[in-house]
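A short write-up of the structure that comes next.
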Amino acid sequence: MRFNSNWNRRGFLGTVGMIAGAVLAPQRLFSLNRAAPVSTKVSGFGRTGNPYEELGVTTLINCEGTMTTLGGSLPHPQLEAVMTMAGRHFVSISKLEVAAGNRIAEMLKLPGDYSALVTSGAAAAIQSGLAGILTGGDEKLIRQLPDLTGMKSEVIIQKSHRNPFDHQLRSTGIKLIEIETVDDLHAAVSNRTAMMHFTNFANAAGQIKVDEWVKLARQYGLPCMNDAAADTPPVSHLWDYANMGYDLITFSGGKAIRGPQCAGLLIGRKEMVANALLNNSPNEDTLGRSQKVGKEEILGMVKALELFLAEDHDALAKEWQARLELISRQITKVPGVSTSFFVPDIANHVPHMRITWDEARISLSAEQASKLLRSSKPAIAIGGGEGKPGLAMNSFMLQPGEDKIVAAQLTKLFHEHAA
Ligand SMILES: *Cc1c(COP(=O)(O)O)cnc(C)c1O
């Protein structure tokens, strides 16, 4: 339960001032009268503790996982406290980026010539990482992007690795060259090639695997990026791909790392990371100026990684599995309902449960079930249909007690539709 011990609904309901006050008061960090009193009483918007509902937007029980469209993940109270501290001072953002990057490299014990950059998300890390490779430190070229005159103009990617996030490669102006085999790769490499891109979750789908891809890049003397945005846990992925030799690796901050929602990480060779920063906010007249990262996100990302590294990940996986089993025990009492468990090999590598039922006994399609749960009270987000039978859920974003609510709602739904 350590995952939840400090992570209660009150933290979620936003009495940030109270949390910050509790942490800060003994250290008297704020001698100026800017210090928030121990409990900041919110009047007007936010007074109920749930500003979402005040706007008429329903909050959800999240059985789908770290989906950006649902708000990613919820922060640890200590993360909220550090982000509040961040908002109390002015600082040079560029200097802060470099210092935070060095600290992160140290925390992750990255190879000596690696550092890190906090970006506004993994998508931003992909774009700025590639932009840095294209422009180097040349100010004229940085201003010129996405006009690639005088720069390399192609990135090689396996056909099966194409995904919506390669838009952030294409936004630099480059053309993606799709290949399938090592022979295709050989034919595709030219003096226009800027980089070889790998999509970590597509490892199984492609003919060239993650370790071979980076070796081939070395062979051709080309920089190599791995988009591993959603691929923690395991926590070791944070350094595995750097150790494997990838020049740049991207991670989401706001997914399983439970960092600030609008943060991500670019890990990579020092010079490439420095060139990525030159192409990123706060620097103006750059492609990445639209990817602003605040002092709150930068400090928040350092804290989130510290908390994530300290977590007992085996105990967490057990806790997540236990929640699914609790739900399973309850719902399989309904005649015709069965469950099975699985863990995706990569990306959202956490316990999942598939829930299926005999539609002759329960007259409900998976799509209907998913829709009804989404509009029930409380509302539950749970994936259904999408080409596979039944509903699929995970439990790692559930809040304390929500497993019981999900079990009860599902049971009720199945009974209501019993033939
Ligand atoms: C989520 C995701 C991204 C984008 O990450 P953000 O942190 O939301 O910008 C990129 N690539 C993959 C594979 C992802 O799953």
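The values are calculated or read from the model by the stated rules, or taken from the named source; none is laboratory data. Nothing here was measured: the structure is a model prediction, and the numbers come from that model. Here the Cβ positions follow ideal geometry from the backbone for every residue, glycine too, while neighbour counts run over all protein chains shown. Heads up: the accessible areas ignore ligands, DNA and RNA and are worked out on the full protein's heavy atoms, side chains in. Shrake-Rupley method; radii C 1.70, N 1.55, O 1.52, S 1.80 Å.
Out of everything in segment 330-351 that is outside any loop (DSSP other than H, G, I, E, B), in contact with a helix residue (DSSP H, G or I) (Cβ under 8 Å, 6 or more places away or on another chain) and open to solvent by 20 Å² or more (accessible area, probe 1.4 Å), what residue ends up being farthest from the ligand (Cβ to nearest atom)?
Only one residue fits best here, namely Gln330.
Would you tally the residues in segment 160-181 being within 13 Å of the ligand (Cβ to nearest atom), outside any loop (DSSP other than H, G, I, E, B) and open to solvent by 30 Å² or more (accessible area, probe 1.4 Å)?
Residues meeting the conditions: 4.
Considering only residues of segment 288-303 that are open to solvent by less than 40 Å² (accessible area, probe 1.4 Å) and touching a Ser or Thr at 6+ places or on another chain (Cβ under 6 Å), which is farthest from Ser252 (Cα to Cα)?
Gly288
Within segment 103-111, does at least one residue satisfy the condition of being in the same structural domain as Asp227 (by TED's automatic domain parsing), within 24 Å of Gln261 (Cβ to Cβ), more than 16 Å from the ligand (Cβ to nearest atom) and of a type in the set (D, E, K, R)? Can you show your working first?
Narrowing segment 103-111 to residues in the same structural domain as Asp227 (by TED's automatic domain parsing): 103-111.
Checking the rest, the ones that are also within 24 Å of Gln261 (Cβ to Cβ) come to 103-105, 107-108.
Still in the running and more than 16 Å from the ligand (Cβ to nearest atom): 103, 105, 107-108.
Subset that is of a type in the set (D, E, K, R): 103.
The answer is yes, given that some residue of segment 103-111 is in the same structural domain as Asp227 (by TED's automatic domain parsing), within 24 Å of Gln261 (Cβ to Cβ), more than 16 Å from the ligand (Cβ to nearest atom) and of a type in the set (D, E, K, R).
Which one of Leu145, Leu238 is touching a residue at least 24 places away in the same chain (Cβ under 8 Å) and either assigned by TED's automatic domain parsing to the domain that holds Phe396 or more than 16 Å from the ligand (Cβ to nearest atom) (or both)?
Leu145
Does segment 66-102 hold any residues that are open to solvent by 30 Å² or more (accessible area, probe 1.4 Å), within 16 Å of the ligand (Cβ to nearest atom) and among the β-branched types (Val, Ile, Thr), and which are they?
The answer is Thr68, Thr69.
Any residue at all in segment 248-267 that's more than 11 Å from the chain's Cα centre (by Cα) and either part of a helix (DSSP H, G or I) or away from the ligand (no atom under 16 Å from the Cβ) (or both)? Steps first, answer last, please.
Looking only at segment 248-267, we keep the residues that are more than 11 Å from the chain's Cα centre (by Cα), and these are 248-249, 266-267.
From what's left, either part of a helix (DSSP H, G or I) or away from the ligand (no atom under 16 Å from the Cβ) (or both): none.
Looking for residues that are more than 11 Å from the chain's Cα centre (by Cα) and either part of a helix (DSSP H, G or I) or away from the ligand (no atom under 16 Å from the Cβ) (or both), one finds none in segment 248-267, hence no.
Does segment 363-372 contain any residue that is surrounded by 18 or more Cβ atoms within 10 Å (Cβ to Cβ), part of a helix (DSSP H, G or I) and of a type in the set (Ser, Thr, Tyr)?
Yes, some residue in segment 363-372 is surrounded by 18 or more Cβ atoms within 10 Å (Cβ to Cβ), part of a helix (DSSP H, G or I) and of a type in the set (Ser, Thr, Tyr).
In segment 320-329, how many residues are touching a helix residue (DSSP H, G or I) at 6+ places or on another chain (Cβ under 7 Å) and surrounded by fewer than 18 Cβ atoms within 10 Å (Cβ to Cβ)?
So the first thing to find is which residues in segment 320-329 are touching a helix residue (DSSP H, G or I) at 6+ places or on another chain (Cβ under 7 Å), and the list is 323, 326-327.
Next cut, surrounded by fewer than 18 Cβ atoms within 10 Å (Cβ to Cβ) only: 326.
Within segment 320-329, residues that are touching a helix residue (DSSP H, G or I) at 6+ places or on another chain (Cβ under 7 Å) and surrounded by fewer than 18 Cβ atoms within 10 Å (Cβ to Cβ) number 1.
Please find, within segment 401-419, the residue that is farthest from Ser328 (Cα to Cα) out of those that are at pLDDT 95 or above and not in a helix (DSSP H, G or I).
Our first condition is that a residue be at pLDDT 95 or above; within segment 401-419, this holds for 401-417.
Filter again for not in a helix (DSSP H, G or I), leaving 401, 417.
Values: Gly401: 15, His417: 18 Å.
Looking at the filtered set, the residue picked out is His417.
Would you mind stating whether Lys109 is under 23 Å from the mean Cα position of the chain (by Cα), modelled with pLDDT of 95 or more and open to solvent by 60 Å² or more (accessible area, probe 1.4 Å)?
Yes.
Matching residues to (1) open to solvent by less than 30 Å² (accessible area, probe 1.4 Å); (2) farther than 20 Å from Leu117 by Cβ:
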site	(1), (2)
Lys140	no, yes
Ser153	no, yes
Asp183	no, yes
Ala187	no, yes
Ala205	no, yes
Trp213	yes, yes
Leu222	yes, yes
Asn243	no, no
Asp247	yes, no
